[in-house]
Every structure is written in structure tokens, then in C-alpha cells.
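The values are calculated or read from the model by the stated rules, or taken from the named source; none is laboratory data. If you're wondering where the values come from, they're calculated on a predicted model, not measured in any experiment. For neighbour counting, all protein chains shown are included, and Cβ atoms are generated from backbone atoms with ideal geometry for every residue, glycine included.
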């Protein structure tokens, strides 16, 4: 957009006076035509809108939802942390599988009022405000609010199921559910006469914001549109069940209650199946921290041993009593993880492999260190040149075994560090 504006500015600055005058004339003509179209559409929609206002003067549900979205975004904007940062969004209540499915189910609702930036907020609010002012008066306030939140919760669960470690937030799925109800109303209007049948002029009026909503959410680079599609289908199905309610001034409670019961049952079943998604980030960070802490500790002790201030056996004790127990504890914690999302299963497998290789390298090093200081006893049964030669051969063999062991320790260490390179801390995908 900025690039297009810059190109347009440069082109305008280099245009002649005649070209600028022609451009101004074209813009005035286009603006006049647009105003004429809007005015004509307003006149054609006025009878239908008067009918809706007669049924309900205000649309408090739409107004409240829009206001809450704007207020929450303003609080995030002027609060600590970057607006689009996943950690900031999660702190405010965005949907994140390992947090949501481990007791923080309130995020399924809170995430409907959180947006990652101004553009998604404007797109969603533009669609919601225009759609809600019509739809809330048709289906009733209670049905409008109930379906908005129930469909939003179901869509949030679909998002967690399809992308458990992706941060998701925004009202787009709930709004897609409202569009589903709108299309259901249009379907019923073809077979059932009603005073609230939506005329073609109103469909034209709603089309631009709906097109913008669809195009933006189809290409925003976030979670796939599975959640929005599921919400649309849920809203459409709900709208088909409410034909009699739509024709009444007051919604009928029986079909609305049935819809709510079905959605709540589905939501509870989905929540039970999804509960306990593991957050592997602390464990991965713990594994990385072991390497950062233990290697400098060992290197410092090794430097002291070279100066004669630290015995080789003390180095082996450091490995066996300090370093290896930490690796064993990390191995146990990794083995105890359950509900690891598929996106992080390779990370956990790499972490397990690293711990195995690193433990092997430290074990071999400790054993090699002890062998370097072990005194090879002479055979007391024999003396003389032959016995000395035999003892020297045994000593040379022991030295070669020790060197091979230390070499294997080095190889295991290099292999473990190669695996460690794959253990970058898993990040959350921006919504």
C-alpha cells in the first residue's frame, strides 16, 4: 500500500497541469457517482430498515461487542509489550493450546475480543457493525449474542485442535458464524414470506464489507480458515433451525435452547479430548540451560587441574555427582511428558537424543579420567626383564584403551552438540 502511494505521489508530481486537471475531473466524477449509488442504495434499503427499527430500536448486542473489541485493543495498544507480539497477546487472554487446555478455558471467550493489530480490528469491526445492526434485529438479541459466543467458542476449539501451539485471537470466526446465519436467513426468504425478508439492496450494501472480510481472513497468513469455515457452517445450521424464530418479534426459546445445548455438548466433548496439551518450551529451555551451565563449570575445573589445583578424580566426581544427575533428571522429565503436540514431537525426540548422547559422552569422559590416574599393579609373581616388558605392554594397552575411551567421549559430545543445534526454543506463531 505504501509503495502504491509513493508511486502515485511521484506520478502526480511529474504530471502536467492538463493531466492533473483531467485527474481531478475524473476523481470528482467518480466521487459523485459513488455518492449517488450510496444514496440510491440507502433509499432502497430504508423501508426494510424501518421495519427492523420498529421491531427493535437499538442493537445493544452489536454495540457492546464492538465497544469491547475497541476498548481491549486500546488497552493492549497502550499497555506493556508490542501489540502483535504473541507473548503480549497470550498475557491478555489469546488462545494458546498448552495454556487453554490446562485449565485456562476462559481463553476461548477472551480471545474473541483480542486483535493482533489495527488492520484486523478495523476489518472485523467494519463487518460486525454493518452485519450486526441488521442481523440482531432479525433473529433477536438473545439468539444473536448466544450464537455469536457459542460459535466463537467452537471455532476456538477447532483452532486449538488444528494448530495447538499457535497463538490465535480475533473475532473473525464468530463473525463468520454470523454470516452463516445471514445466509440461512436468505435461504429461508426464498421459501417463506416474511416481513423481515432481506431485499437485494441490503445484500448489495453488505457485500463490500463481506468481501473485504473474506479476502483479508483468507490471506492474513495466520491460522488456516478451518475455524472460520467451521463457524460459518455452525452459524448456517443454526439459522436453518430458527426459521420460525426469525419471523417472530421474540425468539422462540425451544429451538434456541436446542441449538445451545448441541453446541455446548460438542464444545465440552472437544474440550475433554483436547485437554492437557503439553507446553514443551520449559523443558526444552531446561535442556539448553544444562549445557550452558555445566560446560563452563567443567572447563573451569579442568583448567585448575592443568595447574595442579584439581585432581583428575575430582573432575570425574564433578561429572558423576553434579553433571550426570542433571541430565538424568532432564531425561525423566522428558519421558514424563504427555500430550505433546505434533508440531513439537520432533523437538522432544531431539531433546531425548541429545540427553542420551551427552550422558554417554560425560560417562565415557569420567571413566577415562579415572583410568588415567589408576596405578597399574605389577605382577608380583614375576621379576626381571621379561616381567618388566610384560608390564609395559599392559600399560601401553591400558593407555590405548583410555585414549580410545576419551576419543569416543569426544565423538559423542560432538554428536550431542549437533543435535543441540536443532533445539532452538519453540516459538509461538503470530496470529
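The table that follows gives values for the structure above.
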| item | result |
| --- | --- |
| Boolean, residue 315 is farther than 30 Å from residue 96 by Cβ, crowded, with 17+ Cβ neighbours inside 10 Å and at pLDDT below 90 | yes |
| Residue identified as assigned to a helix (DSSP H, G or I), in contact with a helix residue (DSSP H, G or I) (Cβ under 9 Å, 6 or more places away or on another chain), under 30 Å from residue 278 (Cα atoms) and assigned by TED's automatic domain parsing to the domain that holds residue 264 among 70, 90 | 90 |
| Helices (runs of 4 or more DSSP H) within segment 237-309 that include 3 or more residues at pLDDT 85 or above and either touching a helix residue (DSSP H, G or I) at 6+ places or on another chain (Cβ under 9 Å) or within 30 Å of residue 148 (Cβ to Cβ) (or both) | 253-274, 281-306 |
| Sole exception among (1) assigned to a helix (DSSP H, G or I); (2) out of contact with any helix residue (DSSP H, G or I) (no Cβ under 8 Å at 6 or more places or on another chain); (3) touching a residue at least 40 places away in the same chain (Cβ under 8 Å) for residue 64, by number | (3) |
